[in-house]
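Chemist: Have a look at this one.
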Amino acid sequence: MKAIAVQPGAGIPEIVERPVPEPAPGEALVRIHRVGVDGTDYEVIEGSHGGVPDGDERLVLGHEAVGIVEDANGTALEEGQYVVPTVRRPPADVETNDYFERGEPDMAPEGEYVERGIVGAHGYMAEYITSPADTLVPIPADLAEWGFLVEPISITEKALEHMYATRSAFDWQPESALVLGNGSLGLLTVAMFTTTLDYDRVYCLGQRDRPDPSIDIIERLGATYIDSRETPLSEIPAAYEPMDIVYEATGYAKHAFESVDALAPNGVAALLGVPADWSFEIDGGRLHRELVLHNKAIVGSVNSNRDHFEAAVDTLAALPKEVFETITTGIYGLEAVDHAFPKATTTVPAGHGSTTVPDDDTTIKTAVEFTGI
Ligand code: NAP
Ligand code: BGC
Ligand code: ZN
C-alpha cells in the first residue's frame, strides 16, 4: 500500500510503499478516507517537534484522520462504519500505563506516550491503518467527509474543559474571547466561539493583509479581525476590550506572556502553540503581580482524549458546513500530494514564532484523500 512519510529535518514528504498492516487481537483494520495537515505536521517535517519510531529512518505522517472500518476483527466495531482515531498510544515497550488506564492519555508526561504521526509511532497517511477498537471514535456517515477536522476540534474541546475548570470556583460568565492565530486551529476555534459557545464578542489576531481568505472567514463568522502588526496583543485591551478568554494558537512565544495583559480580571488564557526555544526579556514582577491581583489564570493544553473526540463529533455536527468548506482550501489525492504540503519547502529561523512561512497566502488547511467515500 501507499503511505506518505518523511525523514524529519532532512526532506519533504514523499510516497513510500508499506505492507498492509495486520490487525492484532483487539484491533481493527481501517481504510483511510482523508487525513488533514496542520501546523504540527510542518514542525514534524522540519524536525523541530516529534520524531521517528525507534529503529526507523522515516515517519509516516498524519494524525488528523477519518476512515472506514474494513475488518472489525471480532471487535465491537462494525464493518463499513466511519471512525476517527485518537492520537496517543502507550510507548512501544509497555502495553499500557495509568494514564491510558484512566482514559487520560492526554495528561501523560513525555516518555509515557507516543503520538501517531508525530512522535515515536507511524501516523495515518496510509491507505490502511490498524488501531485498537477503543481508540476509534465512530462518526456518522454524513459527517465523514469532514471527519479529519474532529481531531483539531477535540484539541479545543480539551482546552475549553481545562479553562472552565480553572474558573469553576466562582460565578464566571465569559462574554469576550480572543483567538490568537488565524491558521486552521485558530479559525476552527473562532467558529466554535461564535457558533456553539455563542460568546458575545469574539476577536481573532493575525498578521495578514486584506484581502485574505482567513479574514473573510473570521468576519463571516461575526468575529473581529485584529492585525498584530497594527495592534500588538498587549495593546488590545485599550484598543478593543480586556478579554475573558484568550486562546493562543500562533506558536509565537511572546504571546504566552502578553496574554496576561490582554486578559480581563478573572480571565483565563489557554496556550496551545508549540514554539521553538527563544530567549527574550519580560517584566516578570509585573506579570506575576498582574496574575495575582486580578485572579488571572494561564493553562497549557496539549492533545485530547476520547471524551474530547466524542464532544468534537457533536461540535462538527453543530457547526455550519460552510465553515469547513472555506477553511479547507484543498483536498488532494496521492497524485497531487505535494499540493497538500505547500509550506514544506520554506522555513523561518528557529525561535521566531510560527515555524512555517506560507508560500501561498490562500492555503489555510489541506487534506490528503486516500480513498473516496
Ligand atoms: P498554523 O496553521 O501554522 O497557524 C498559526 C497561525 O498563527 C498562522 O496563521 C500565523 O499567521 C499566525 N501567527 C503566527 N505568529 C503570529 C503573530 N505574531 N501575530 C499574529 N498571527 C500570528 O498552525 P495551526 O495548525 O493552526 O496550529 C497553531 C499552533 O498550535 C501551532 O504551534 C501548532 O503546533 C499548535 N498546536 C497545538 C496543539 C496542542 O495540542 N497543543 C494541537 C494542534 C496545534 P501567518 O500564516 O500569516 O504567518
Ligand atoms: C496534535 C496533538 C498533539 C500535539 C503535540 C497537535 O498538533 O493535534 O494531538 O498532542 O500536536 O504533539
Ligand atoms: Zn494537530
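Chemist: What 222 nm value per residue comes from the helices of the chain, counting each DSSP H run with n ≥ 4 as -39,500 (n - 2.57) and dividing by all residues, nearest 500 deg cm²/dmol?
Modeler: Here the helix-only value at 222 nm equals -6500 deg cm²/dmol.
Chemist: Using a 10 Å Cβ count of at most 13 others and DSSP loop calls, identify the longest part of the chain lacking such chymotrypsin sites (Phe, Trp or Tyr not before Pro).
Modeler: Excluding the exposed sites themselves, the longest stretch runs over 1-169.
Chemist: Rounding to the nearest 20 debye, state how big the charge dipole of the chain is about its Cα centre with +1 on each Lys and Arg Cβ and -1 on each Asp and Glu Cβ.
Modeler: With only Lys, Arg, Asp and Glu charged at Cβ, the dipole is about 500 debye.
Chemist: Relative contact order (percent) for region 193-335, with alpha-carbon contacts under 8 angstrom and 6 or more residues of separation?
Modeler: This gives 19 percent for region 193-335.
Chemist: Still on this structure: Once label points are set 7 Å from the Cα along Cα→Cβ at both Glu79 and Lys321, what is their separation, rounded to one decimal in nm?
Modeler: 2.9
Chemist: Please compute the length gained on full extension between Lys254 and Val302, using 0.36 nm multiplied by the number of residues separating them and subtracting their Cα-Cα distance.
Modeler: Full-extension gain reported as 15.4 nm.
Chemist: If I compute solvent accessible area with a 1.4 Å probe over the protein chains, what percent of it on region 36-103 is carbon and sulfur?
Modeler: Here it works out to 39 percent.
Chemist: A further question on this structure: Could you let me know the centre-to-centre spacing of region 1-27 and region 196-270, using Cα atoms, in angstrom?
Modeler: About 38 Å separates the Cα centre of region 1-27 from the one of region 196-270.
Chemist: Quote the relative contact order of the chain in percent (integer), defining contacts as alpha-carbon pairs under 8 Å separated by 6+ residues.
Modeler: 19
Chemist: Please identify the GluC sites (Glu not before Pro) of region 214-301 that satisfy two criteria: DSSP loop assignment and at most 11 other Cβ atoms within 10 Å. Which are they?
Modeler: Of the GluC sites (Glu not before Pro), the ones in loops of region 214-301 whose Cβ has at most 11 other Cβ atoms within 10 Å are Glu230, Glu281.
Chemist: I've got another one for you. Rounded to whole Å, give me the distance from the Cα center of region 150-191 to that of region 317-335.
Modeler: Comparing the Cα centres of region 150-191 and region 317-335, I get a distance of 21 Å.
Chemist: Arg18: accessible area at probe 1.4 Å, nearest 10 Å²?
Modeler: 60
Chemist: Using alpha-carbon pairs under 8 Å, 6+ residues apart, how would you state the relative contact order of region 162-269 in percent?
Modeler: Once normalised by length, the contact order is 30 percent.
Chemist: If I model a spin label at Glu335 and Ala169 as a point 7 Å from the Cα along the Cα→Cβ vector, what separation in nanometres do I get?
Modeler: 6.1
Chemist: Give the residue from Ile218, Tyr113, Thr366 lying farthest towards the positive end of the charge dipole for the chain; charges sit on Cβ (+1 for Lys and Arg, -1 for Asp and Glu) and the dipole is referred to the Cα centre.
Modeler: Going by the Cα projections, it comes out as Ile218.
The values are calculated or read from the model by the stated rules, or taken from the named source; none is laboratory data. Keep in mind that what you see is a predicted model, and the values were worked out from it rather than measured. Glycine gets a Cβ as well: all are built from the backbone with ideal geometry, and neighbour counts include every protein chain shown. To get the accessible areas, we keep the full protein, side chains included, count just its heavy atoms, and leave off ligands, DNA and RNA. Shrake-Rupley method; radii C 1.70, N 1.55, O 1.52, S 1.80 Å.
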